[in-house]
Amino acid sequence: MGTQGADHYFSSQPSTPMKRRPLSVVLVGEKRQLQTAGGIFSPDGVDKGTVILLNETPPPAAEGHLLDIGCGWGPVALTLALRSPAATVHAVDVNERSIELTNDNAKALGLDNVHASTPEGVDPDLRFNTIWSNPPIRVGKSELHSILLMWLPRLAQQGNAYLVVQKNLGSDSLQRWLAAELGEQFPEAGFTVARDSTNKAFRILKVTRTKP
């Protein structure tokens, strides 16, 4: 994720007052009228990394459970839900304001297949057919690694995760770390980690679970 101040995805309860304002954005080819607020990640629109993730990633699974890690006001989760109306989309964030906005924006679009919550609010037995994330790189390497190792092992067999990461924030080193760590900790799962696409500033990393 990007460079907003210390209040966005780091804080469960942002210190700034909750002041909602309208947000007009294009998602899945149509203009959508949503709401946003300060104290969350990228409150003024869809950030560059997320735009690349939404535009360049293959379509999500049509059914099953899908996951957005670090939902903000909801661009990834809403896109997953719009593209896969028969699936259930889980959006997680530590920021309570982000959770509230994502749920309300889903309702505004008539999407009843989006469920935003803290990580603890997701059934630990669920397995995900698709995971999309613009992961919170700036929380620090240790915390980032903990987040990814919480969710990526919960891919379903033949499930795919797509992570968009800035090159200058360590996309290549993250790719190597994921390959080594998932292979060592979960050898029976047959994880593969590859570079799915790249441009001048960002890479999309693809993680696939090949075995049950």
Point to revise | Relative contact order (%) - the range 21-209, alpha-carbon pairs under 8 angstrom, separation at least six | key: 18 percent
Check your understanding: Using only helices, what value at 222 nm comes out for the chain when you add -39,500 (n - 2.57) per DSSP H run of length 4 or more and divide by the total residues, to the nearest 500 deg cm²/dmol?
Key -> -8000 deg cm²/dmol
Review point. Cα-based Rg (one decimal) and Dmax (whole number) for the chain, in Å?
Key: 16.0, 48
Point to revise | the range 91-212 - charge dipole about Cα centre, Lys and Arg +1 at Cβ, Asp and Glu -1, debye rounded to 20 | key: 660 debye
**Study point:** Cβ-placed point charges (K, R +1; D, E -1), dipole of the chain about Cα centre in debye, nearest 20
**Key:** 620 debye
Revision key, fill the gap. Note on the range 21-209, DSSP bridge orientation, antiparallel percent to nearest 5 equals 55 percent
**Study point:** Whole-angstrom gap from the range 28-67 to the range 148-212, using each part's C-alpha centre
**Key:** 20 Å
Review point. What shape does the range 53-135 have by the C-alpha gyration tensor, where a ≥ b ≥ c are the square roots of the eigenvalues, rounded means a/c under 1.5, and otherwise prolate means a/b greater than b/c and oblate the rest?
Key: rounded
Check your understanding: On the first, second and third principal axes, largest extent first, how far apart are the outermost C-alpha atoms of the range 75-195 in Å?
Key -> 41, 30, 25
Point to revise | Exposure proxy ranking, count of Cβ atoms within 10 Å, fewest first, for THR57, THR118 | key: THR118, THR57
Exercise for review: Please list the helices of the chain that count as membrane-span-like by this rule: a mean Kyte-Doolittle hydropathy of at least -1.0 together with Cα atoms stretching 15 Å or more along the helix axis, each helix being a complete DSSP H run.
Suggested key: 141-151, 171-185
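All of the numbers you see were taken from the coordinates with simple rules; none came from a lab. Values in this document were obtained by computation on a predicted structure and should not be read as measured data. Neighbour counts run over all protein chains shown; Cβ positions are idealised from the backbone, glycine included.
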